[in-house]
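Derivation of every value follows stated rules applied to the coordinates shown; laboratory data play no part. This one's a predicted model, so the numbers in the text were calculated from it and none came from an experiment. We place every Cβ from the backbone using ideal geometry, glycine too, and count neighbours over all the protein chains shown.
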Amino acid sequence: MRYVFDQGEILDESKVSVSIRNKGLNYGLGCFEGIRAYWNEYQKQLFIFRIWDHYKRLNESGNSLHIQVPYTPIQLIKWTIQLLRQNNVREDVYIRPMCFKGANTLRPDLTDPFNRVTIYCTAFEYKPKPALKVCVSSWSRTGNNMIPPQAKSTGNYLNSGLATTDALLNGFDEAIFLTDEGNVSEGPGENIFIVKNNRLITPPISDNILAGITRDTVIQIAKNHLFLSVSEHSLSRTELYSADEVFFTGTAIEIKPIINIDHRKIGKGIEGDLTKKIRFHYENIVRGNNPHYLSYCTPVY
Ligand SMILES: Cc1ncc(COP(=O)(O)O)c(C=O)c1O
């Protein structure tokens, strides 16, 4: 996809560059989003899922980090639609907006006012397995007094990268972080849910998670369509092992069952019934096929 957005302009990607001196690159001083748009073949329409919520979160991330985004969510939505149109996207696509320190200076302070915004879109290359075998990581989730975990900051993904790499090198598909206190937190790029006795439980924001937009959609599906009780409370590692079902949620991974944790079978060792039902609703909603959720689906054409 040839065109990208850079500082208020849509340009051919070959015209865009970042200096090796760039401060955002050198020190991980940036925040970003991951947004998906889904192609609906029947309607010949591309729907961007919860774009408003993503750009609102980008602005909030920027505020927490002293990396203020120099555009409003409305302006960014307009640019994104224009970018998708200019690339003539007619397939599922992943959109990556980023706001990072634009100066080419030393010292990792955040006082410099130049915050550069870029957006690119790409066909989604990362294809996770349909069901995951995961481990609890020896790396803790970054705490609130280290890097704000509710801000989606580029620097914080070194924490994610270390956990994911260890998991892969040890033969697992993905990792689960605990907090320093030992509560279940989230995956390196996903939120986590368990099902226990027909109740859905997910860690609270205070357990150092990113307030996931997919997580929020799943809570709505569980309450509105499956009439399940949903609670947000701290979970111990043992509650993971004894859960009936466990699954990850996230824009990239969508809804993905976890069938094994630390070599222990979860439930029957296959995708659970409630996970499957939630996944079914989610896949319908994001593609613009559920009239109750059309306000979440922004048409591009
Ligand atoms: C650390 C982390 N947690 C959770 C999520 C899931 O968030 P969302 O559902 O908004 O994509 C992501 C993905 O953005 C993430 O990077």
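How much of the DSSP bridge set in region 65-217 is antiparallel, in percent, rounded to the nearest 5? In region 65-217, approximately 75 percent of DSSP beta bridges are antiparallel ones.
Entry for region 182-279 at q = 0.12, 0.16, 0.22 Å⁻¹: log10 I(q)/I(0) = -0.31, -0.58, -1.19, Debye formula applied to identical alpha-carbon scatterers, no solvent contribution. Bridge orientation summary for region 132-286: considering DSSP beta bridges with both residues in this region, about 60 percent are antiparallel. Counting only DSSP H runs of at least 4 residues, each contributing -39500 (n - 2.57), and dividing by the residue count of the chain, the helix-based mean residue ellipticity at 222 nm comes to -8000 deg cm²/dmol. Take the Kirkwood radius over Cα pairs of region 1-70, plug it into Stokes-Einstein at 37 °C and 0.692 mPa s, and you get 224 µm²/s for translational diffusion. Put a dot 7 Å past the Cα of LYS277, heading toward its Cβ, do the same for LEU226, and the two dots end up 0.7 nm apart.
Above 38 Å, the calculated P(r) of the chain contains 13 percent of its Cα-Cα pairs. At 37 °C and a viscosity of 0.692 mPa s, what translational diffusion coefficient does Stokes-Einstein give for region 3-122, taking Rh as the Kirkwood radius over Cα pairs? Give it in µm²/s as a whole number. D = 220 µm²/s. Relative to the current alpha-carbon distance between HIS292 and ASN40, full extension at 0.36 nm per residue lengthens the span by 89.1 nm. Determine, at each q value in 0.17, 0.20, 0.24, 0.30 (inverse angstroms), the log₁₀ of I(q)/I(0) that the Debye formula gives when each Cα of region 154-215 is one equal point scatterer. Listed by q, the Debye log ratios stand at -0.62, -0.83, -1.09, -1.30. In this simple spin-label approximation, GLU91 and LYS268 carry label points 7 Å from Cα along the Cα→Cβ vector, and these lie 3.6 nm apart.
Within the chain, the whole DSSP H helices whose Cα atoms reach 15 Å or more along their own axis and whose mean Kyte-Doolittle score is at least 0.0 are 73-86, 157-169.
Restriction of the GluC sites (Glu not before Pro) in region 172-205 to DSSP coil positions whose beta-carbon has at most 16 other beta-carbons within 10 angstrom yields GLU181. Which of the pairs LYS129/LYS265; LYS152/LYS277; LYS44/LYS276; LYS15/LYS152 have their Cα atoms more than 22 Å apart in this structure? Beyond 22 Å: LYS152/LYS277; LYS44/LYS276; LYS15/LYS152. Multiplying the residue separation of TYR301 and SER236 by 0.36 nm and removing their Cα-Cα distance gives an extension gain of 18.8 nm.
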